[in-house]
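First up is the structure itself, then whatever we jot down about it.
Computed from the coordinates by the stated procedures, all read-outs in this text should not be read as laboratory data. As the structure is a prediction and not an experimental result, all values here were calculated from the model. Positions of Cβ are backbone-derived with ideal geometry, glycine not excepted, and every protein chain shown enters the neighbour counts.
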Amino acid sequence: LVSCLIITLMIVLPIFELMKYPEQDWAMQMWVAHLADAIQDGATTVEVDEMIHDFRTVFHERDYHPHCVKWMDHATQVCLWQSSTKLRPADGLQVVSGNLTVVFDFTQVNRTEAITNLA
């Protein structure tokens, strides 16, 4: 009986972890590095805008998505794109590659985690 309970707990408890931020998701780092490399290599404004649009589209269906994209150029920070929604600092996750910083909005992920912790 005890062993069945332990086995059941080992199977059921990790299910709640599935709703959290995926630990092995490298999409954020890959997209930020790709965008940083393109800007560093001299991509035009139109090309950068298209890449940011593609970047946002990829994350549209996920619980987390880009909130703002910033480029540091000679001690001057340039905002390449920013969401119109407000973001609490606790819900933001910064991913940096070279001179590019992208802040991801994890509001929905944090809400889902809070709800599952109540259950």
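Data for the structure
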{"read-out": "CYS79-GLN108 pseudo-label distance in nm [points 7 Å out on the Cα-to-Cβ vector]", "value": "2.3 nm"}
{"read-out": "Given charges at Cβ of Lys, Arg, Asp, Glu: the chain dipole, positive-most of HIS60, ASN110, VAL96", "value": "ASN110"}
{"read-out": "Per-peptide average of other Cβ atoms within 10 Å, ordering 69-81, 3-15 highest first", "value": "69-81, 3-15"}
{"read-out": "Helical contribution to [θ] at 222 nm, DSSP H n ≥ 4, -39,500 (n - 2.57), averaged over the chain, rounded to 500", "value": "-15500 deg cm²/dmol"}
{"read-out": "Theoretical FRET efficiency, 1/(1+(r/R0)^6), r = Cβ-Cβ of ALA38 and LEU9, R0 35 Å, to 0.05", "value": "0.15"}
{"read-out": "The stretch 1-105, relative contact order in percent, only Cα pairs under 8 angstrom and at least six apart counted", "value": "26 percent"}
{"read-out": "Axial C-alpha extent at least 15 Å, average Kyte-Doolittle at least 0.5 - helices from the chain (DSSP)", "value": "2-17, 27-40"}
{"read-out": "GLU47/ILE115 FRET efficiency (R0 25 Å; Cβ-Cβ; nearest 0.05)", "value": "0.05"}
{"read-out": "Value in Å of the Kirkwood radius, where the chain supplies the Cα pairs that are averaged", "value": "16.3 Å"}
